[in-house]
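Presented below is the structure to which this report refers.
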Amino acid sequence: MSVQIEDSEVDIVIAALHPNLTPFLEAWRPFFSRFHIIVVKDPELDSDLQIAPGFDLKIYTKSDIEAVAKSSSINFSGHSCRYFGYLVSRKKYVISIDQDSLPAKDPSGLVTDAVAQHITNLATPATPFFFNTLYDPFRSGADFVRGYPFSMRCGVPCVLSCGLWLNVADYDALTQSVKPNERNTRYVDAVMTVPVGAMMPASGINIAFDRLALGPALLPGVHFTGEGKRRWETLEDIWSGLCAKVVSDHLGFGVKTGLPYVHREGDGTKPHGSLNKESEKVKLLDDALPFFQSVKISRNATSAVDCVAELSGMVREKLGAVSPVFASAANAMDEWVNLWKSVGAQAE
Amino acid sequence: MSVPITPALKDELDIVIPTIRNLDFLEMWRPFFQQYHLIIVQDGDPTKTINVPEGFDYELYNRNDINRILGPKASCISFKDSACRCFGYMVSKKKYIYTIDDDCFVAKDPTGKDINALEQHIKNLLCPSTPNFFNTLYDPYREGADFVRGYPFSMREGIKTAVSHGLWLNIPDYDAPTQMVKPRERNSRYVDAVMTIPKGTLFPMCGMNLAFDRELIGPAMYFGLMGDGQPIGRYDDMWAGWCVKVICDHLGLGVKTGLPYIWHSKASNPFVNLRKEYKGIFWQEEIIPFFQAVVLPKDCTTVQKCYLYLSEQVKEKLGPIDPYFTKLADAMVTWIDAWDQINSTGTGAKLPNGAANGKA
């Protein structure tokens, strides 16, 4: 049930939060150069972008965002600008990597191709219904173990591939404050499917997905007032990932986590100044998770768009009164669905 | 930064080993096992003498001992199958059990260092589990790792760990069909992670390299009816694993998988395995949905109550598949009876085993 993914079916979407993209693109050149790249410039960034030449690359700026989404209340600034890239892409698959993340090396010192690994993850089946203790059974040198039901060995399409980060791990502000010098040096050589019904934080730093199958569920729902450009200040990807996992589970698809790694530099700043905002985020997650763990999407919803449309109503109903952030998220989800349909984002 | 020292737990942990051949493999494990008490369950011909290397403190039980200690209840313990190891769990007086097969040796990590599998299992059991939300950096309590952004703070305390499921380098634990299709495949990939299996997710629990908290989950670790006189084999640990996971999920206990690795040296005969597994391959297609759907009632607040409820459900829902399941359900009840009997008296089953009882 593995699929063949052609280079022409992939867009690489990069959110430009800082003007100089050249070092990033040069580092990724061996792995990006075959693909079409969409760069979305943070609408709050004034300076011109510096882009290394020699890529098949299209830049979208504030004016493009306004032309398409002017009447929408969705906030496409900061890390959320990448979602505009998902909206305008016409490819089946999208790979998105943060600007501060570079190719990682494996334990033997070899520079790894995160793009190829994401493509492999998406091309091979996921196995969400039963946990394989040797992790990805489709990887060379591995298989399903004794006791794994044969009827489940075909797997299901993988629609989301969540990669990881060496060096600066994706910690929240509180954890980074407590452990400012901790670096992730552990290379875990595994890809695995996150089981159906299990929720996880799908960091947007290093991610790939099947845009046609799941695209609408990767959405800019949560944007805090005064949110900055640092990852620990945002939860847009976490919210998006929870929606995406629920939708994927409902539609019978799979989500993988593990390889590939990227080497994340971070920006060296300390989160101490942001800690006063953390209590809001802490509470938000604690309030949201029980909702996502118990939400049931109806059988009528047979596409990601349908699922998100239903989910937004349930967010409004169950969480809207808990916090204005959730009420805004529900509105953003509705608008996202409308935008997705109106720009024809479902087309290839 | 100092690395915390893992307690040895030498007076709190028993190592349970089923064997029919010999225990030469213990020589390699000596540096790691010698300070622990061993419970050896001798399968097969009770007249055969099992040679235990010098210097180990152990108690050994053969079939005659099992029959003598349990009387009619001995019918629940498998004969001529390593499933008999669960007798060792029953008679142990310790809080923790580590069970290992006699063809499993010390593995090396990627740096070439010998892996102290027992120490890693102890770490796994003493550290909380996190089944309610998946941490993408795996075990958050491991040195050098933590919970990632987006992980709810209310869940960061974790819950108690009941089971630590280790893995195997070299000969992987494949079923017979896979063994036959890939006879030369060897597991050479060292995945440097321990992780909690999410709540609600079942997994295939292999008994080759397994540790558990006997006080938390022991009565659910029944390895079923396998081997001589039974229509199925090589599903003992699988059966225990499905029961254990359902009960752990219900009682709020965690199950971990991943490190440590051992080196599995011997590939069993795939033709023999196919005969043993044959019915299981078909039956598991119905068994898995059964375990996925079963809901334990709220008043099942102990492992025994959960297990007895499961046995009723097995009889009702799986009994129609084959009379074996009715027999198995009855054996599950017998097991709990025997467990409670052995573990309530305080004197237990410790018996003078004559020449077979070794001392350090």
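The values are calculated or read from the model by the stated rules, or taken from the named source; none is laboratory data. Only a predicted model underlies this, so the values are computations on that prediction, with no experimental measurement involved. Note: ideal-geometry Cβ built from the backbone for every residue, glycine included; neighbour counts use all protein chains shown. The accessibility values were calculated without ligands, DNA or RNA, using every heavy atom of the protein model including side chains. Shrake-Rupley method; radii C 1.70, N 1.55, O 1.52, S 1.80 Å.
The set of residues from the stretch B:148-160 being in a loop (DSSP other than H, G, I, E, B), more than 7 Å from chain A (Cβ to nearest Cβ) and more than 20 Å from the chain's Cα centre (by Cα) comprises B:Arg156, B:Glu157, B:Gly158. Of all residues in the stretch B:195-207, exactly one satisfies the criterion of being within 22 Å of B:Val106 (Cβ to Cβ) and either of a type in the set (Ser, Thr, Tyr) or more than 10 Å from chain A (Cβ to nearest Cβ) (or both), namely B:Gly207.
Residues of the stretch A:207-231 that are crowded, with 22+ Cβ neighbours inside 10 Å, in contact with an Asp or Glu (Cβ under 7 Å, 6 or more places away or on another chain) and either farther than 26 Å from A:Ala309 by Cβ or modelled with pLDDT of 95 or more (or both): A:Arg231 alone. Consider A:Glu310 carefully, then state whether it is assigned to a helix (DSSP H, G or I), open to solvent by 30 Å² or more (accessible area, probe 1.4 Å), closer than 22 Å to A:Pro128 by Cβ and without any contact (Cβ under 8 Å) to a residue 60 or more places away in the chain. For A:Glu310, the condition - assigned to a helix (DSSP H, G or I), open to solvent by 30 Å² or more (accessible area, probe 1.4 Å), closer than 22 Å to A:Pro128 by Cβ and without any contact (Cβ under 8 Å) to a residue 60 or more places away in the chain - is met. Taking every residue in the stretch A:224-249 that is within 19 Å of A:Phe292 (Cβ to Cβ) and away from chain B (no Cβ under 14 Å) and pairing it with any residue that is modelled with pLDDT of 90 or more and open to solvent by less than 20 Å² (accessible area, probe 1.4 Å), at least 6 positions away or on another chain, the pairs with Cβ-Cβ distances below 7 Å are A:Val247/A:Leu214; A:Val247/A:Ala217; A:Val247/A:Ala304; A:Val247/A:Cys307; A:Val247/A:Val308. Across the stretch B:93-133, the qualifying residues are those that are assigned to a strand (DSSP E or B) and open to solvent by less than 40 Å² (accessible area, probe 1.4 Å), and the one among them that is nearest to B:Leu169 (Cα to Cα) is B:Cys104. I'd like the residue in the stretch A:270-307 that is under 17 Å from A:Glu236 (Cα atoms) and open to solvent by 60 Å² or more (accessible area, probe 1.4 Å) and, out of all such residues, is modelled with the lowest pLDDT. Only one residue fits best here, namely A:Lys277.
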